[in-house]
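*Asks:* Can you read through this structure? Questions will come right after.
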Amino acid sequence: MNNSISLTMIVQNEEYHLRRCLESVVSYVDEIIVVDTGSTDSTKQIAREFQAKVFDYEWDNDFSAARNYALEQASCDWCLVLDADEYISNNPSEAFQELMLSPFLAVGKVKVVNKYQGQTGVEYEQSFITRFFPSSCRYSGAIHEQINTIYPRVKLNVEIKHDGYYQQTKGDRNIPLLLDMINEYPNDPYFYYQIAKEYRGLEQYEKTFNYLHQGYNMITRHEAYAPSLIVNYIYSMMHSGNLEYGVDVINNEQEFLCEYPDFFFVSALYLLELILSEPSKYEHLLGLIEMNYMKALEIGENDQEGSIQGTGSYAAHHNLGVYYEVIGNTTLAKEQYTKAASFDYEPSVNRLAKI
């Protein structure tokens, strides 16, 4: 195969994001294919500024159909897929070339860093998604579409940043499609996981919990997203007040999630919430909070699917500092705040100034 690359995108009313996206990638691709599904703003004009080939497509509530239409317009041998509210944040050239020159065909998974509003402020969650592949590949699935291929999937040193969910929710568009997928595939936990994320963004925490509760009872733990589903399930217990399920889940998942700092981080948060709900019943669990934060720090930051940045470093140090301060050990609290502050973690910097 040759080493030419087509960027393919589907867009609608993306004038706010599109220029940033295309500026981040134009130097690394040979052609840009933009499929517009009904923009009424300047999206198409911006695309043409980058010599993009622009096609109109009537939206039919099927992301795979639209993405496959875009792929059919590509003339290069390899395709890179981006959304308008994403942008490449490192130089991907070497990673692209390495895959294209490989003696065996494979598809490339890139790191996508999702920015969103978490419980303590802005958080960054990482996932690994197939976005670079031979142009003969095609998608399936009306929403949260996936590439169908027999080729192995390999991680590439390519980072994409995504902030669309931080700036706006897409639940009005995505939830009806996900409900359709659940009706069609009622035993597939993936769609329960995805619809729960939509409801989380809408701050509808009871629905978030209900879908994750169902998904949790379906997973085999061979799914790449299973750790993230479990971690989000525990968060949803706290947000919705359904605390009675957490102790069993935490006990049952210790071995499966032994390399996930997020699991031990959320376990510590959950245990504090549980103790505060009924101190006389659960105060004997207080020491487990320290143990879980220490375990998260022992594992450290890693490239686990769905991991939130900081759960194995600055956020765990800060929360451990809060724990020590609550139990009256200011010396240890300052040590932890200082470690978190070394990452320029603002809450710890501010707290150090006050104690």
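Throughout, read-outs are computed from the coordinates displayed, never taken from laboratory work. Keep in mind that what you see is a predicted model, and the values were worked out from it rather than measured. Cβ atoms come from the backbone with ideal geometry, glycine included; neighbour counts cover every protein chain shown.
*Asks:* For the residue pair Val113 and Ser4, what label-to-label distance in nm results when each label sits 7 Å from Cα along the Cα-to-beta-carbon direction?
*Replies:* Here the modelled spin labels are 3.3 nm apart.
*Asks:* Something else: Rounded to the nearest 5, what % of the DSSP beta bridges within segment 5-162 are antiparallel ones?
*Replies:* Of all bridge pairs located within segment 5-162, approximately 50 percent are antiparallel.
*Asks:* With loop defined by DSSP as not H, G, I, E or B, and exposure as at most 13 other Cβ atoms within 10 Å, which is the longest segment of the chain clear of exposed GluC sites (Glu not before Pro)?
*Replies:* Between exposed loop sites, the widest span is 59-202.
*Asks:* Give me the distance between the Cα centres of segment 39-99 and segment 251-311, rounded to whole Å.
*Replies:* Computed from Cα coordinates, the inter-centre distance equals 40 Å.
*Asks:* Sticking with this structure for a sec: For a quick check, take a GNM of the chain with Cα springs below 10 Å and name the residue from Ala65, Ala95, Ala84 with the largest mean-square fluctuation.
*Replies:* Ala95
*Asks:* Grab the other residues whose beta carbon is less than 14 angstrom from that of Leu101, score K and R as +1, D and E as -1, and report the net.
*Replies:* Net local charge, Leu101 excluded: -3.
*Asks:* Calculate for the chain the 222 nm mean residue ellipticity that helices alone would give, adding -39,500 (n - 2.57) per DSSP H run of length 4 or more and normalising by residue count, nearest 500 deg cm²/dmol.
*Replies:* Taken over the chain, the calculation gives -14000 deg cm²/dmol.
*Asks:* Just add up the charged neighbours of Ala226: K/R +1, D/E -1, any other residue whose Cβ is under 11 Å from the Cβ of Ala226.
*Replies:* Its environment carries a net charge of -2.
*Asks:* Spin-label point model (7 Å from Cα, Cβ direction): what's the Met291 to Glu184 distance in nm?
*Replies:* 4.6
*Asks:* Viscosity 1.567 mPa s, temperature 4 °C: what is the translational diffusion coefficient of the chain from Stokes-Einstein with a Kirkwood Rh over Cα pairs, rounded to a whole number of µm²/s?
*Replies:* For these conditions, the coefficient is 59 µm²/s.
*Asks:* How much length would be gained if the chain were fully extended between Phe104 and His284, taking 0.36 nm per residue of separation minus their Cα-Cα distance, in nm to one decimal?
*Replies:* Working it through step by step, the gained length comes to 59.2 nm.
*Asks:* While we're on this one: Could you tell me how many degrees, from 0 to 90 and to the nearest 10, lie between the Cα long axis of helix 330-341 and the main elongation axis, the longest principal axis, of the Cα atoms of the chain?
*Replies:* So the helix axis and the longest Cα principal axis differ by about 10 degrees.
*Asks:* Need the full-extension length gain, Arg153 to Gln51, defined as separation in residues times 0.36 nm minus the C-alpha distance. One decimal, nm.
*Replies:* Numbers: separation 102, 0.36 × 102 = 36.72 nm, distance 3.08 nm.
Extra length available between Arg153 and Gln51 comes to 33.6 nm.
*Asks:* Starting from the Cα of Asp60, step 7 Å along the direction of its Cβ; do the same at Thr220; then give the gap between the two resulting points in nm.
*Replies:* Here the answer is 3.1 nm between the modelled labels.
*Asks:* Then there is this: Let me check against my output: what whole-number percent is the relative contact order of segment 170-353, with C-alpha pairs under 8 Å and at least 6 apart?
*Replies:* Details: 223 pairs, mean separation 24.1, N = 184.
The normalised contact order for segment 170-353 reaches 13 percent.
*Asks:* Now a separate question. Which whole-number percent is the relative contact order of the chain (Cα, under 8 Å, 6+ apart)?
*Replies:* Across the chain, relative contact order equals 11 percent.
*Asks:* Next up: Efficiency by 1/(1 + (r/R0)^6): what FRET value for Asp303 and Val249, r their Cβ-Cβ distance, R0 = 30 Å, to the nearest 0.05?
*Replies:* 0.80
*Asks:* While we're on this one: Suppose every Lys and Arg Cβ carries +1 and every Asp and Glu Cβ carries -1, with no other charges. What dipole size does the chain come out with about its Cα centre, to the nearest 20 debye? Provide the component values of the computation, followed by the final result.
*Replies:* Details: 26 positive and 50 negative charges, 93 e Å.
Using only the charged Cβ atoms, the result is roughly 440 debye.
*Asks:* Figure the gain on full extension for Arg138 and Arg173 (residue separation times 0.36 nm, minus the Cα-Cα span) and round it to one decimal in nm.
*Replies:* Working: separation 35, 0.36 × 35 = 12.60 nm, distance 2.26 nm.
Extending this stretch completely gives an extra 10.3 nm.
*Asks:* Using just the C-alpha positions of segment 170-353 as equal point scatterers, what log10 of I(q)/I(0) does the Debye formula give at each q in 0.13, 0.14, 0.19 1/Å?
*Replies:* Debye output, listed in q order: -0.71, -0.81, -1.27.
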